[in-house]
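One structure is given here, and the rest of the page talks about it.
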Amino acid sequence: SAVISQKPSRDICQRGTSLTIQCQVDSQVTMMFWYRQQPGQSLTLIATANQGSEATYESGFVIDKFPISRPNLTFSTLTVSNMSPEDSSIYLCSVDRTRSPAEQFFGPGTRLTVL
Amino acid sequence: DAKTTQPNSMESNEEEPVHLPCNHSTISGTDYIHWYRQLPSQGPEYVIHGLTSNVNNRMASLAIAEDRKSSTLILHRATLRDAAVYYCILRDVGGSNYKLTFGKGTLLTVNP
C-alpha cells in the first residue's frame with residue numbers, strides 16, 4: 001500500500017489569490033495524478049505528474065491555471081492560480097506504484113473554498 | 001476512453017448481499033475492470049479489479065460476464081460502513097496511459 005498525505009486539508013481563500021497544495025507519499029512512486037471533485041460531482045483528472053518531465057494536462061486544464069511540480073519520486077505540488085469561486089472543490093492526489101493493472105492510492109483531499 | 005453505465009443509486013439492508021451492476025459494452029481487449037469506492041468525506045479506495053475471470057478478495061467479489069460487456073460487484077454481507085459511492089472504471093493498461101476516468105458511480109445506501 002501507499003500512505004499519502006496532503007496539505008492543507010482545507011482552506012478558505014479570497015478571489016484572485018493562489019493556493020499551493022502539497023502531496024507527500026511514504027514511498028517512491030512513478031506516477032502521480034491530480035484530480036478535482038466539484039461539489040456533488042465525480043472526480044475529474046487534472047493532470048499526470050511524472051518526475052523529471054512536465055506534467056501532462058487533460059482537456060480543459062492548462063498549466064497557467066494549475067501549475068504542477070514533481071521534484072522527486074515522493075512529492076508533488078498543485079497550485080490553483082488566480083482563484084475564482086468556481087475553483088471551490090476538493091483536490092486529490094493519487095499515486096500508481098507500478099506499471100501494471102495495480103490499484104491507485106488516493107490522498108484524503110484538500111477542500112478549497114474560494115470566496 | 002471506454003465508458004461504463006451504472007445505476008445512480010441502490011439500497012440494501014445490513015447483513016444482506018449487494019449486487020452492484022456495471023455495463024461496459026464497448027470494452028476493449030486490453031481494458032481491465034476496476035472498482036473503487038468513495039466513503040463520505042474521503043478519497044476513493046480500491047476495491048477490486050479483473051480482466052476475464054471472476055475475482056475474490058477480502059472486500060468483495062467481481063463477477064465478469066463471459067463477453068466482458070458487463071460485470072457485477074458483490075458485497076457478500078453489507079455493513080453500514082459499506083455505504084459509499086461505488087465506481088466501475090475501465091482502465092487500459094495496453095498503452096502508456098494509466099489514468100482512471102471516473103463516471104458518476106452508484107450511491108449505495110445501507111439500511112440498519
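The values are calculated or read from the model by the stated rules, or taken from the named source; none is laboratory data. The structure displayed is predicted, hence computed values, not measured ones. Here the Cβ is made from the backbone with ideal geometry for all residues, glycine too, and neighbour counts use every protein chain on show. Each accessible area value is taken on the protein alone, full model and side chains, heavy atoms only, with ligands, DNA and RNA left out. Shrake-Rupley method; radii C 1.70, N 1.55, O 1.52, S 1.80 Å.
Yes/no matrix, rows are residues, columns are (1) in a loop (DSSP other than H, G, I, E, B); (2) at the interface with chain A (Cβ under 10 Å from one of its Cβ atoms); (3) touching a residue at least 40 places away in the same chain (Cβ under 8 Å):
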| site | (1), (2), (3) |
| --- | --- |
| B:L62 | no, no, no |
| B:E66 | yes, no, no |
| B:S71 | no, no, yes |
| B:Y87 | no, yes, yes |
| B:R91 | no, yes, yes |
| B:L100 | yes, yes, yes |
| B:V110 | no, no, yes |
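Tell me, please, whether a residue that is more than 11 Å from every other protein chain (Cβ to nearest Cβ), in contact (Cβ under 8 Å) with a residue 60 or more places away in the chain and outside any loop (DSSP other than H, G, I, E, B) can be found in region B:19-29.
Within region B:19-29 (the criterion being more than 11 Å from every other protein chain (Cβ to nearest Cβ), in contact (Cβ under 8 Å) with a residue 60 or more places away in the chain and outside any loop (DSSP other than H, G, I, E, B)), the answer is yes, since at least one residue qualifies.
From the list A:Q22, A:Q28, which residue is in contact with a Lys or Arg (Cβ under 8 Å, 6 or more places away or on another chain) and within 16 Å of A:S69 (Cα to Cα)?
On inspection, the qualifying residue turns out to be A:Q22.
Select from region A:76-91 the residues that are of a type outside the set (G, A, S) and open to solvent by less than 40 Å² (accessible area, probe 1.4 Å) and write down the one among them that is nearest to the other protein chains (Cβ to nearest Cβ).
Ranking the candidates gives A:I90 first.
Taking the residues in region A:92-111 that are within 7 Å of chain B (Cβ to nearest Cβ) and within 16 Å of the chain's Cα centre (by Cα) as candidates, determine which candidate is modelled with the lowest pLDDT.
Of everything passing the filter in region A:92-111, A:D96 is modelled with the lowest pLDDT.
Against the conditions (1) outside any loop (DSSP other than H, G, I, E, B); (2) under 29 Å from A:V3 (Cβ atoms); (3) more than 13 Å from the chain's Cα centre (by Cα), where does B:E11 fall short? Just the number, please.
(2)
If you go through region A:1-20, how many residues are assigned to a strand (DSSP E or B), closer than 19 Å to A:V62 by Cα and open to solvent by less than 60 Å² (accessible area, probe 1.4 Å)?
1
Identify all residues within region A:21-59 that are hydroxyl-bearing (S, T, Y), open to solvent by 10 Å² or more (accessible area, probe 1.4 Å) and part of a strand (DSSP E or B); write none if there are none.
Residues satisfying the conditions are A:T44, A:T48, A:T56, A:Y57.
Can you tell me which residue within region B:79-105, out of those that are surrounded by fewer than 20 Cβ atoms within 10 Å (Cβ to Cβ) and small (G, A, S), is nearest to B:E11 (Cα to Cα)?
Within region B:79-105, the match that is nearest to B:E11 (Cα to Cα) is B:A83.
From the list B:Y32, B:Y46, which one is within 11 Å of another protein chain (Cβ to nearest Cβ), within 30 Å of A:S89 (Cα to Cα) and in contact with a Leu (Cβ under 6 Å, 6 or more places away or on another chain)?
B:Y32
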